[in-house]
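Okay, so here's the structure we're looking at.
The values are calculated or read from the model by the stated rules, or taken from the named source; none is laboratory data. Computed from a predicted structure; not experimentally measured. Here the Cβ is made from the backbone with ideal geometry for all residues, glycine too, and neighbour counts use every protein chain on show. Side chains included, ligands, DNA and RNA excluded: accessible areas come from the protein's heavy atoms. Shrake-Rupley method; radii C 1.70, N 1.55, O 1.52, S 1.80 Å.
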Amino acid sequence: MTIRTQACAVSDTARGDTHPTIRQSGQREVFCGLTGIVWLHRKIQDAFFLVVGSRTCAHLIQSAAGVMIFAEPRFATAIMEEKDLAGLTDANAELDRIVTQLIERRPDIRLLFLVGSCPSEVIKLDLSRAALRLSQKFSPSVRILNYSGSGIETTFTQGEDACLASLVPVIPPMGASECSLLIVGSLADVVEDQFTRLFESLGIGPVEFLPPRKSTALPSVGPNTRFLLAQPFLADTARALEERGAQRLPAPFPLGVEGTTAWLAAAAQAWGVDPAVFEKVTQPYRARAQRALASYKRELAGRRIFLFPDSQLEIPLARFLSRELSMELIEVGTPYLHREHLAEELKMLPVGATLSEGQDVDLQLDRCRAARPDLVVCGLGLANPLEAEGITTKWSIELIFTPIQGYDQAADLAELFARPLVRRARLVA
Amino acid sequence: MQLTVWTYEGPPHVGAMRVATGMDGLHYVLHAPQGDTYADLLFTMIERRDKRPPVTYTTFSARDLGGDTAELFKNAAKDAYDRFKPEAMIVGASCTGSLIQDDPGGLARSLGLPIPVITVDLPAYQRKENWGAAETFYQLVRALAGPSAPAPGKRRPERSTGVRPTCNLLGPTALGFRHRDDIIEITALLAKLGIDVNVTAPMTATPADIARLGEADFNVVLYPEVAAQAASWLQRSFGQPFTKTVPIGVSATRQFIEEVAVLAGIDPAAVLKASASRLPWYSRSVDSTYLTGKRVFIFGDASHAVAAARVASDELGFKVVGLGTYSREFARDIRAAAELYGVEPLITDDYLEVEAKVQELQPELVLGTQMERHIAKRFGIPCAVISAPVHVQDFPARYAPQMGFEGSNVIFDTWVHPLMMGLEEHLLAMFKDDFEFKDGAQPSHLGAGHAVPQKQPAPETTIENVISVPAAIWAADAENELKKIPFFVRGKARRNTERFANENGVATITIETLYDAKAHYAR
Ligand code: SF4
Ligand code: SF4
C-alpha cells in the first residue's frame, strides 16, 4: 500500500537534524499575534474580539485587514489613554464600561475575547481577572475569555494558537466511552467540508473542529480524543489539549498531495482503517490533484526559492514545493521552529536545506540578494522593494487567507507560487 | 479607553515615519515591538513605494523586558548607522516603547554618532498621526536649521534687486493625499510668477536641505496639518512670513497667487490673467445645471474639508449639508467654515458617528476619506475622496494634483463623475416606463463598483437606526405613485414623506401626503 511504504521510507531515513539552521536576532519584520483576529473573527461567527491596546494595535489590524467591508466588524480596540496608564483601577473600570457598552450594542455576541496587547501586558493589566469578573456579570448569555496577541509574546499566527488555547479549558469533557477525532486549527469552511466528507468515506469519526463555526457548538474533549493539527503553529493549544487527556496524532500538515495523504493516513491508522480501503478512497483524489499539479510543476521545477519567516507554514510549504514541484530551496525561514510538531515535516525536507529561525531582516535581505532566487516568499513590507530590485515575490499573507489545505487545493497552492513568475515573464514594458 | 472600530489616523510615530520616508538621507530608529513593523506596508503597498521606509525597529520581546532593552536600542541604532550611513537620525519610541522608559534620545547620544541625532518624543496615548508628523517636522527644522538662525533682533538682509525671490514648500510627506503631484503643480505655478523654490520639505528634502530652509524669502504652507508649527517657528527665528491660503479650487488658487505676490514683492497680474482652469466654464456650461443645489456631505482633515466646502459651494453650486473633520487640533477652522454654510460642524474620530450622520442627512454626494468611501458605498451614495486617509487607488498612475489650476480640473472631473450626468438624468426619468428599461438599472457610466441605491444600508449587522421607525402606513395608491418616481430619488422621497407624515401626525400616507411632503421639502 502506497501510504504505508511512504511512511516507512520516511521513518527509515532519520533526517531530522540534517538541516543547517541559521539563528540570528535583530529586527524581525513580522506581524504580531493580533493579526489572527482578521481570520478568526470570520471563522467563529458569534465571537467578538476586543483588543485592549493602543492606537497602534487598532491601526495594525485595520492595515492587515486591508479591506473594510464591514461597517461594524466583530472586532474592535479599546484604545488606552493617558489616564488608563496612570491607575489600574481606572483601567479596569473603563474596561468594564466598554465591555458593557459593547455587549449592549451587539446582542448577537455569544463569546467575547479580551485580547491583550503589548501595552496591556507591560502595564500588567490582568485581563484574565477582568474576563472572570465580566463573565460573572454577563453569563450565561455571553462567555468572556482572554488571551494575548501582543507582539512581545506572539508572532503573527501564534495569535491563533493563543486564542484556541484559551478555548480549551471551556471545552466540555467527553465521556470515557466515547471517542472522536478533533481537527485543530482554523481552515476555510470549504476545506473543512471536504475533509469531513473524506473522513466519512474512510469511516473515521465522529470528527469535530476547533475552532468551531459557532461558539455555542464547541467540540468535546476527553482521553479518547485523538487530534490532528491542521496548522503548524499550535504549540500551546496542543499542550492544553494533551493536558485534557487528548492525544496528538503525529503527522505532516495537509499541504499538497503527499502532506494531505499522510495527514489523513495518521487518522486512518489510529482508527484501524483497512489500508486497502484507504487506498481506494484516497486514490481518485490523489490522481485528480496530481493531474492538476502537473502544469504548475512544469513552471516551477528547478526554480530557486527563498522563504522569509512569517506564518510558520514555511517548512510544510517548502516540503511541498521541493518534493511535489521540484523547486530548489535556498533558505526556509520560520519565526519559530517547533521541532516536535514539525518532526514529520523535517524528515521529509531534502537533506541540507538551510533553515533559519528568528530573524535579522537586514542580514537576511543581504543573503537573499546574494542568492538571486527566482522567487521570494515574504511579507507585504518587503515585497515591492524586492520587486523593484528585480526579484520576483509572493506575499506570504495570501497563504494564510487562501484555502490551501487538502487535495483539491493543492493546485491552487502551487498556482500561488507560479503566478508571480508567469506574470513577470509576460510583462515586456 | 476609547472603543474604536476603524481609525482615521494611526499613532503619532506613523506620522514621524511619513516625514522620514518622504525625505532622503534621514533614518528613524524606533523602539518598538515586532508587530509595529506592519507600518512598513502602508508605504510599500498603499503608496507602492519601491524602497523600504528608512526605519529600524528594535523589535524587543517579552524576554528582553527583564534584561537590557536599552542595550538592544543602542545596538539597533549603531547597526542602523553603520548600514545606512544616514546624514541624520531621528530616534523615538512607539506606544509600547515609551512605556518601558528607556530614553532613546539619551541612549543614541551616548553612542557619539558623527551625525545629528534628533529625539522625537511623541505622546502615543494622547496624540495621533498628523500631530506626530507636525511635531517631527518641527523638531527636525529646529535642530537642523536652528544653528543658522540670525541672532535675535537681527533682521534678515534684504534681497538684492535682480535676484529672483525664493520660497520653501512646506508640508508634503510620504503617504499624503496627492502630495506628490501638488508639489509639481505649485512649483510650476510659482515658476510662472518668477519665484524659485529653495527647498520642498519634508518630502524630497535631505537633512542638508532642511538646514538651509532659512535662505528662502518666505514659506508656502501647503499642508497646515504638518507644516504650521514649523512655519511659525521659521517666522519667529528667520523672519520668514508664510502663506495662509491652501490653493485648492480656482478662487483659492487665485487668492494664493495674490498672497505670494505680496510676500515676494512681484506683480501677479499677468499670471492671473493667463491662468486657466476649465472648472469655471465647465461649471457654467448648461449640462452642469443639474449640479445646482446637490446636497453634499464633506469630511476629512480640516484643510482639505474646508477647501472642499468652498469649491463645492462657490465653484460647483452644491449645497453643503454637512461638514466635519477628524482632526480635533483644527476643529476651530471647521467650526468657522460650518457657520458659513449654516451647518452643524461634526468633530469626531468615531467612524460610526460619521456613518450615522451620513445616514441621517442622506446627501447626494459624499466627499471624504477612504472611510467615507466605504460608508457611501454601503448607502449607495456617490462619493469622491478629498483627504487622507486614503487607499491604493488614491495614488493614481497619472498626474492628478488637488492644488492649483490643474488640481481644479481634476476636482471637477472626480467629483462630478460619480453623479448622474445631467442629460442622462432626464432621459432616465423620461424612459423609466419603457419596457426595455429595467427599473433599478444604473446609469451606464457608473462602473460595477457603484451599488444601486439601496433602501436600507446593508452593514454586517444592525446599526442603531438614527431615523425613527415610521409610524405612518402607506395607502396602496400612494405606494403606486411612489413607484412612478425615478428610482434614484425614490428612497429619499419615501423617507421625506414618512418623516413629514410622522411630524404632522398623519396615520395613513395618501397621494396627497406624498405631494404635501414634496412641497414641504422643495428647495
Ligand atoms: S475597498 Fe477600496 S478603499 Fe476600501 S480598502 Fe479596498 S481598496 Fe481600499
Ligand atoms: S506589536 Fe504590540 S503594540 Fe504593536 S500592534 Fe502588536 S500588540 Fe499592538
Quiz item: Based on the Cα gyration tensor of chain B, what are the three equivalent ellipsoid semi-axes, each the root of five times an eigenvalue, rounded to whole Å and given largest first?
Solution: 48, 30, 18
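Could you tell me what percent of the accessible area of chain A is made up of carbon and sulfur, with a 1.4 Å probe and every protein chain present? Display every interim value, and only then the final one.
Details: 8100 of 15540 Å².
The C+S portion of the solvent-accessible surface of chain A is 52 percent.
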Practice problem: Would you mind classifying the range B:195-352 by shape? Square roots of the alpha carbon gyration tensor eigenvalues, ordered a ≥ b ≥ c; an a/c under 1.5 is rounded, otherwise it is prolate if a/b is larger than b/c and oblate if not. | Solution: oblate
Practice problem: Obtain the nm distance between the two label points defined at A:TRP39 and A:LEU132 by a simple spin-label model: each point lies 7 Å from its Cα along the Cα-to-C-beta direction. | Solution: 3.3
Self-check item: Scaled radius of gyration (Cα, divided by 2.2 N^0.38 Å) that the protein assembly as shown gives
Solution: 1.03
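Is the range B:156-205 rounded, prolate or oblate when judged by the Cα gyration tensor, a ≥ b ≥ c being the square roots of its eigenvalues, rounded requiring a/c under 1.5 and prolate requiring a/b larger than b/c? Walk me through the intermediate numbers first.
Details: a/c = 4.26, a/b = 1.90, b/c = 2.24.
The shape class here is oblate.
Please give the average number of partner chain Cβ atoms lying within 10 Å of the Cβ of each residue in A:141-151, rounded to a whole number. Before the final figure, lay out the partial values.
On the way: counts 0, 0, 0, 0, 0, 0, 0, 1, 1, 6, 13.
That average works out to 2.
Whole number please: convex hull volume per residue, Cα atoms of the range A:134-209, in Å³.
On the way: hull volume 10.3 nm³, N = 76.
For the range A:134-209, the hull spanned by Cα atoms encloses 135 Å³ per residue.
Would you mind putting B:183-190, A:156-163 in packing order, based on average other-beta-carbon counts within 10 Å, highest first? Please report the intermediate quantities before stating the final value.
On the way: B:183-190: 19.8, A:156-163: 27.6.
Ranking, from highest mean packing down: A:156-163, B:183-190.
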Self-check item: 3J(HN,Hα) from dihedral phi, the range B:273-283, Karplus parametrisation 6.51/-1.76/1.60, rounded to Hz, x for glycine, proline
Solution: 5, 7, 4, 9, 10, 7, 3, x, 6, 4, 6
Practice problem: Quick one: give the max-minus-min coordinate of the C-alpha atoms of the range A:75-132 along each principal axis, largest first, in Å. | Solution: 33, 19, 17
Quiz item: Considering amide H positions built from the backbone, and no H for Pro or chain starts, which residues 5 or more places from B:THR56, or on another chain, come under 5 Å of its amide H?
Solution: B:TYR28, B:VAL29, B:LEU30
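With 18 Å as the cut-off, how large is the P(r) tail for the range B:1-109, expressed as percent of Cα-Cα pairs?
In whole percent, the share of Cα-Cα pairs in the range B:1-109 beyond 18 Å is 50.
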Quiz item: Restricting attention to the range B:9-74, which chymotrypsin sites (Phe, Trp or Tyr not before Pro) occupy a DSSP loop and are surrounded by at most 14 other Cβ atoms within 10 Å?
Solution: none
Exercise. Quick one: which residues, 5 or more positions from B:TRP474 or on another chain, have an amide H under 5 Å from its amide H? H modelled 1.01 Å from N in the peptide plane, none for Pro or chain starts.
Key: B:ILE509
Quiz item: How many nm separate the modelled label positions at A:LEU363 and B:LYS518, each set 7 Å beyond the Cα in the direction of the Cβ?
Solution: 7.7
Quiz item: Between A:ALA370 and A:VAL422, 0.36 nm times their residue separation minus their Cα-Cα distance comes to what?
Solution: 16.4 nm
Quiz prompt | Å² of accessible area per residue within the protein assembly as shown, as computed with a 1.4 Å probe and no ligands counted | solution = 39
Quiz item: So what's the angle, to the nearest 10 degrees on a 0 to 90 scale, between helix B:370-379 and the longest Cα principal axis of chain B?
Solution: 10
Quiz item: Over chain B, what is the percentage of antiparallel beta bridges among all DSSP beta bridges, to the nearest 5?
Solution: 5
Quiz item: So what J values fall out for the range A:223-238 if you push phi through Karplus, 6.51 cos²θ - 1.76 cosθ + 1.60 with θ = phi - 60°, rounded to Hz, Gly and Pro as x?
Solution: x, 9, 7, 10, 10, 10, 7, 8, 9, x, 10, 10, 4, 5, 4, 4
Quiz prompt | trypsin sites (Lys or Arg not before Pro) within the range B:133-173: DSSP coil, no more than 12 neighbouring Cβ in 10 Å | solution = B:LYS154, B:ARG155
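Give the ranking of B:TRP281, B:TRP6 by solvent-accessible surface, highest area first, calculated with a 1.4 Å probe.
Values: B:TRP281 170, B:TRP6 5 Å².
Reading off the accessible areas and sorting them downward yields B:TRP281, B:TRP6.
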Self-check item: Nearby lysines by direct alpha-carbon distance to B:LYS484 (threshold 26 angstrom, same-chain neighbours under 8 apart not counted)
Solution: B:LYS294, B:LYS377, B:LYS432, B:LYS438, B:LYS455, B:LYS492, B:LYS518
Practice problem: Could you tell me the total accessible area buried at the A-B interface, probe 1.4 Å, in square angstrom to the nearest hundred? | Solution: 5500
Exercise. Only residues of the range B:280-307 count here: report those whose backbone N is under 15 Å from the spot 7 Å along Cα→Cβ of B:ALA336, or say none.
Key: B:302-307
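Calculate the mean, over all residues of peptide B:159-166, of how many other protein chain Cβ atoms lie within 10 angstrom of the residue's Cβ.
0
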Self-check item: Bins of 10 Å, starting at 0 and running to the largest distance - Cα pair percent for the range A:187-346
Solution: 10, 35, 37, 17, 2
Exercise. Compute the projected area of the convex hull of the Cα atoms of the range A:312-415, averaged over all viewing directions, and report it in nm² to one decimal place.
Key: 6.8
Exercise. Before anything else, pin down the relative contact order of chain B: Cα pairs under 8 Å, at least 6 apart, normalised by residue count, whole percent.
Key: 12
Self-check item: For chain A, alpha-carbon Rg and Dmax in angstrom
Solution: 22.1, 67
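Could you rank the peptides A:277-286, B:504-513 by their average count of other C-beta atoms within 10 Å per residue, with the highest value first?
Numbers: A:277-286: 16.5, B:504-513: 14.8.
Packing proxy ranking, top to bottom: A:277-286, B:504-513.
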Exercise. Sort largest first and round to whole Å: the equivalent ellipsoid semi-axes of the range B:108-192, each the square root of five times a Cα gyration tensor eigenvalue.
Key: 29, 23, 12
Exercise. Taking a cut-off of 21 Å between Cα atoms, list the lysines near A:LYS43, but don't count ones fewer than 8 places away on the same chain.
Key: A:LYS214
Exercise. Quick one: which residues, 5+ away or cross-chain, put their amide H under 5 Å from the amide H of B:VAL320? H built at 1.01 Å from N.
Key: B:VAL296
Quiz item: Accessible surface of B:MET45 in the full protein assembly, 1.4 angstrom probe, to the nearest 10 Å²?
Solution: 40
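By the gyration tensor of its Cα atoms, with a ≥ b ≥ c the square roots of the eigenvalues, what is the shape of the range B:276-415: rounded for a/c under 1.5, prolate for a/b over b/c, or oblate? Let's see the in-between values first.
Numbers: a/c = 1.45, a/b = 1.29, b/c = 1.12.
Rounded.
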Quiz prompt | FRET efficiency, B:ARG155 to A:ASP193 (Cβ-Cβ, R0 51 Å, nearest 0.05) | solution = 0.05
